[in-house]
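Following: one structure in structure tokens, then a few remarks.
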Amino acid sequence: MRAVVLVGGEGTRLRPLTETIPKPLVPLVDRPSLDHVLDHLAAHGVHEAVLSSSYLEERFRSFIEARHGRPRIVWITEEEPLGTGGAIVNALEHLGDEPFLALNGDILTDLDLTAMRAFHEERRAEVTIALHRAEDARPFGLVLTATDGRVREFREKPEEPVPGDVNAGIYLLDPAVLRGWPRARPLSIEREVFPALIAEGRRIYGFRGEAYWLDLGTPEQYLQAHFDLLEGKVRGIRYPAPYVSPEARVDLRAHLGRWVSVGPGAVVRPDAEIDDSIVLARARVGAGARVLASIVGPAAEVGDGATVVGCVLAEGARVAPGLALEGARLGAGEVVDPRSVTQGSGGPL
Ligand code: GDD
Ligand code: MG
């Protein structure tokens, strides 16, 4: 089976981390989250995955070169952002005539894709949309189904905080239903394609799999994904908790809580205390520093004796020794020292 993985979003809600790293390449414990997505696809027999992004395209090149094994990756050009529907239509010529998978690239899940395919075939569906139960559908696409699972309505980002089945961002699509849609203009699968196909009376079904599922789109969810992985909540993936990369240097006198991940090349100095946080590659947490509920980005630095609580430090950001920050967002390379006036923006995590 083939798949198209949507990796071209700008990751706005995960800024400032995504100023320099595309969201799918932000690490999840020991490898980019896109590796987890591709491994999950491989485990369900996907042999080829088509990817495209006009945003930070060059950053994907080294990822593709470093990746081995299945699925084979086909990178295609997307000159300007085509949206979720446009990116799929743009990939059609590489996806063959059989039903294929299309996935949002920012989802961590252990959904049984093999069972989803069997469901798709049994129903003779043209489109199958994986569903996830949400208490508040506003950040998602609300999917209303009949008792037999047939989709009656697709309402992207509803305004009211209603509970319900939401779009999990994983579809099985018969390529024939997408023929005729424009190739070279932005198109939303959620707002344009699905409502139109429903109106045409196409066979669209919702598939409820009992699965772990999380959208990695915000700092809170990105941290939560780590905690869940460290707790072994995602089927098929196991890590020791805390996770410390074999290439990290953590002083024996540092204190790491259970929900902590430390990436390769990171340095944690004596008496530093880290809890409910992730420290990405080449970052540095100084002696006696405290890091709580925070994301310390690649090569970022928390100075000796400094405290960060609920903060996001983008690549290369630096907090001077002894400072205390709460709820701050530091952009790439931003330095906060006693003389700086800006202390980042945004509320606590
Ligand atoms: N190639 C490409 N081009 N990919 C894109 C583009 C584009 O122009 N725009 C967005 N994407 C990718 C993003 O990288 C992401 O992986 C996926 O499409 C979905 O975009 P998000 O921006 O993350 O959307 P969302 O989280 O607000 O909502 C979507 O996901 C929800 C589930 O998490 C929708 O599909 C909702 O209906 C769904 O419930
Ligand atoms: Mg998303």
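All of the numbers you see were taken from the coordinates with simple rules; none came from a lab. In this text the structure is predicted, and so the values were computed from the model without any measurement. Heads up, the Cβs are rebuilt from the backbone with ideal geometry, glycines too, and the neighbour counts pull from every protein chain shown.
So for segment 234-349, what percent of the C-alpha to C-alpha distances run longer than 19 Å?
Cα-Cα pairs in segment 234-349 separated by more than 19 Å: 37 percent.
What is the magnitude of the charge dipole of the chain about its Cα centre, with +1 placed on the Cβ of each Lys and Arg, -1 on the Cβ of each Asp and Glu, and no other charges, expressed in debye to the nearest 20?
Here the chain has a charge dipole of around 260 debye.
Using only Cα atoms, what is the ratio of the radius of gyration of segment 56-173 to 2.2 N^0.38 Å?
With N residues counted in segment 56-173, Rg over 2.2 N^0.38 Å equals 1.20.
Tabulate in residue order the Karplus-calculated ³J(HN,Hα) for segment 82-96, using 6.51 cos²θ - 1.76 cosθ + 1.60 with θ = phi - 60°, rounded to whole Hz; enter x for Gly and Pro.
Result, ordered by residue: 9, x, 5, x, x, 5, 6, 4, 4, 8, 3, 5, 9, 9, x Hz.
Could the peptides 26-32, 92-98 be put in order, highest first, of the mean number of other beta-carbon atoms found within 10 Å of their residues?
Packing proxy ranking, top to bottom: 26-32, 92-98.
If you rank 20, 12 by fewest surrounding Cβ atoms within 10 Å, what's the result?
The order, fewest Cβ neighbours first, is 12, 20.
Where does the chain land at 222 nm, in deg cm²/dmol rounded to the nearest 500, when only DSSP H runs of n ≥ 4 count, each adding -39500 (n - 2.57), divided by all residues?
Counting only the DSSP helices, I get -5000 deg cm²/dmol.
For segment 120-247, what relative contact order do you get, as a whole percent, if you take Cα pairs closer than 8 Å and at least 6 residues apart?
So the answer I get is 28 percent.
Rank by packing, highest mean first: peptides 325-336, 116-127, with packing defined as the count of other Cβ atoms within 10 Å averaged across residues.
Per-residue Cβ counts within 10 Å, averaged per peptide and sorted highest first, yield 325-336, 116-127.
Pull up the DSSP beta bridges for the chain and report the antiparallel fraction as a percent, rounded to 5.
30 percent
In degrees from 0 to 90, rounded to the nearest 10, what is the angle of the helix 113-122 Cα long axis to the longest principal axis of the chain?
10 degrees
Just to be sure I understand: with springs between alpha-carbon atoms less than 10 Å apart, which residue in 147, 84, 218 has the highest mean-square fluctuation in the Gaussian network model of the chain?
147
Just check segment 30-95 against the gyration tensor rule for me: Cα atoms, a ≥ b ≥ c as the square roots of the eigenvalues, rounded for a/c under 1.5, and otherwise prolate or oblate depending on whether a/b exceeds b/c.
oblate
Set the Förster radius R0 to 41 Å, insert the Cβ-Cβ distance between residue 339 and residue 72 as r into 1/(1 + (r/R0)^6), and round the FRET efficiency to 0.05.
0.20
Say each of residue 136 and residue 239 gets a label point 7 Å from the Cα, pointing the same way as Cα to Cβ; how far apart are those two points in nm?
In this crude label model, residue 136 to residue 239 measures out at 2.6 nm.
Could you give the semi-axes, largest first, of the ellipsoid that matches the chain, computed as the square roots of 5 times the alpha carbon gyration tensor eigenvalues and rounded to whole Å?
39, 20, 19
If neighbour count is taken as other Cβ atoms inside 10 Å, put 40, 255 in order from fewest to most.
Fewest-to-most Cβ neighbours within 10 Å comes out as 255, 40.
What is the dipole size for segment 138-183, taken about its Cα centre, with +1 at each Lys and Arg Cβ and -1 at each Asp and Glu Cβ, in debye to the nearest 20?
Magnitude of the dipole: close to 220 debye.
If you project the alpha carbons of segment 110-177 onto the principal axes, what extent comes out on each, in Å, largest first?
Extents along the principal axes: 34, 25, 23 Å.
When the dipole is taken about the Cα centre of segment 1-105, and only Lys, Arg (+1) and Asp, Glu (-1) are charged at their Cβ, what size is it in debye, to the nearest 20?
That gives segment 1-105 a dipole magnitude of about 360 debye.
Just to check, using Stokes-Einstein with a Kirkwood Rh over alpha carbon pairs, what's the diffusion coefficient of segment 1-43 at 10 °C and 1.306 mPa s in µm²/s?
In µm²/s, the coefficient rounds to 142.
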